[in-house]
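Here the structure comes first, spelled out in structure tokens, and everything after it is commentary.
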Amino acid sequence: LSKVNADKTYTIGTDVTYPPFEFANKNNKYVGIDIDLMKTIAKREGFKVNIKELGFNAAVQALESGQIDGVIAGMGITAERQKIFDFSDPYYKTGYVMAVAKNSNIKSYKDLKGKKVAIKTGTAAATYAQSIQKKYGFTTVTFDDSDNMYNDVVSGNSVACFDDSPVLQYAVKTGTKLKIVTKPADGGYYGFAVMKGENQKLLRLFNKGLRALKKDGTYKKIVNKYVSSSS
Ligand code: GLN
């Protein structure tokens, strides 16, 4: 990809399904907080974007290998990732929670001993689950997207899964047969990522646009379109 053409279209990778941040709506249109933020900022700051639904881990790897210009995918700003990527200003707070099937009697990490837990490849919530795995003595099974991970728990193949609180809250609210049983473990904030030292102009424009959206109420409007203020 050319990095010098001022008129270039930036290719932005995202997840396939991570509602309310990115997902296909009833009309099969790709929407969500991330999508609306990126498109609105691009329009206002005068740059073009081509958003590609690659899956979370695939998007991060595509960014790392220089195939795409940025990732917006409910991606947590973590110290580990900051070694490889430059992040925008934080735009959404998150935390990691554990969810179990609606009828499950698993209530805490302690109940996971000897059981199978579903995690999503390359995610911060997976890293969190792995960090407590030894202590609580569970095994893991991995998935590339959140939907398949949730279904594995609903179907009873695994007893629990770990994902971000805003995403699992939205899933439960929209009918996924899961319940959240833990308080969020601190997950910091989401940010838009580019390769370290690259696409700095894009990053600056994103930050400038984000500040403007926060100031004039558009950011709030976008969030409220997907997440009711009561949740
Ligand atoms: N928020 C999680 C992370 O940063 C997962 C993102 C996602 O699955 N789209 O790793």
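Computed from point charges on the beta carbon alone (+1 for Lys and Arg, -1 for Asp and Glu), the dipole magnitude for the chain about its Cα centre is near 640 Debye. The slack in the chain from residue 24 to residue 224, taken as 0.36 nm per residue of separation less the alpha-carbon distance, amounts to 70.2 nm.
Taking label points 7 Å from Cα along the Cα-to-Cβ direction, residue 141 and residue 116 give a separation of 0.3 nm. In terms of packing, defined here as the mean over residues of other Cβ atoms within 10 angstrom, the peptides 153-164, 173-184 line up highest first as 153-164, 173-184. Would you please classify the overall shape of segment 95-187 from the alpha carbon gyration tensor, given that a ≥ b ≥ c denote the square roots of the eigenvalues, rounded means a/c under 1.5, and beyond that prolate means a/b larger than b/c while oblate covers the rest? Taking the square roots of the gyration eigenvalues as a ≥ b ≥ c, segment 95-187 is rounded. Over the chain, the alpha carbon radius of gyration divided by the compact-protein estimate 2.2 N^0.38 Å works out to 1.03.
Separation of the alpha carbons by more than 26 angstrom is noted, of 26/173; 29/179; 115/183; 52/134; 102/183; 93/225, for 29/179; 52/134. Each Lys and Arg Cβ is given +1 and each Asp and Glu Cβ -1; about its Cα centre, segment 95-187 then shows a dipole of about 520 debye.
Of all DSSP beta bridges located in segment 95-187, what percent are antiparallel, nearest 5?
In segment 95-187, approximately 60 percent of DSSP beta bridges are antiparallel ones.
Placing R0 at 25 angstrom, the Cβ-Cβ distance between residue 196 and residue 8 gives a FRET efficiency of 0.80 after rounding to 0.05. Of the DSSP beta bridges with both residues in the chain, give the percent that are antiparallel, rounding to the nearest 5. So the antiparallel bridges amount to about 55 percent of the total.
A short reminder: the numbers here are calculations on the coordinates, not readings from a lab. As the structure is a computational prediction, the values presented were derived from the model and not from experiment. All Cβ positions, even for glycine, are placed from backbone atoms using ideal geometry, and neighbour counts span all protein chains on display.
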